[in-house]
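Rule-based calculations on the coordinates, nothing more; no lab input. All figures in this text were calculated on a predicted structure; none of them were measured in a lab. Ideal geometry is used to build each Cβ from the backbone, glycine not excepted, and the neighbour counts take in all protein chains shown.
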């Protein structure tokens, strides 16, 4: 059974009285352990597809199976539980809390999961060491560079040990060299931890470093190829 499979998925929004079909009968299969880039121009549907795959939103129609569970019609609470248990997110904007240190930003999802503060902070320290920020773990976001903040965000996304991590333009706010460091880190998580990685990007050079590129135009997959 595939790790992730969507069949005949559509997503329709309404702009006033006008329906806008952001995804049009999409079929897609992703196996566990893949590293995939979703590309396309603005308005192509790539972010909508990520929202559906990441259980941030339900499809309007069609079916979505994630790790053997049909999540197509899950309630908001059920989707939140699935995200907490199986999925991590890294965004273009780092979304770090400015009043918390790097370690406490990373530890926060573990506290929400009911783990003790001591254990959460210990696990956060281990992950920050993994992303080469051991010496910066007690610094605040304002004291970190953009690349360092994104590495904190990646550590945070991994602290609940998800099987799937999404990156939404994760290098968009970074220079080329720093962006490549971030992709190196994703590739390390993918190869050493077996985490399935799906990134949304408009940058061809970033997409080319994935194992598979899926291109969308007007809500349709027009290309799906190995790199």
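Structural remarks
- Spin-label pair residue 177-residue 140: with each label point 7 Å from Cα along the Cα-Cβ axis, the two points sit 2.8 nm from one another.
- Per residue, the convex hull volume that the Cα atoms of the chain enclose (Å³): 131
- With all pairs of separate Cα atoms included, the range 141-186 yields a Kirkwood hydrodynamic radius of 11.1 Å.
- Put a dot 7 Å past the Cα of residue 8, heading toward its Cβ, do the same for residue 67, and the two dots end up 2.7 nm apart.
- Shape category assigned to the range 85-125 from the gyration tensor of Cα positions, a/c cut at 1.5: oblate
- Ranked list, fewest to most other Cβ atoms within 10 Å of each Cβ, for 227, 48: 227, 48
- The range 4-226: relative contact order as a whole-number percent, Cα under 8 Å and 6+ apart: 29
- One Cα centroid belongs to the range 74-120, the other to the range 1-66; the line between them spans 23 Å.
- Stokes-Einstein diffusion coefficient of the range 27-130, Kirkwood radius over Cα pairs, 10 °C, 1.306 mPa s, in µm²/s: 99
- Sorted by Cβ neighbour density within 10 Å, fewest at the top, the residues 66, 97: 97, 66
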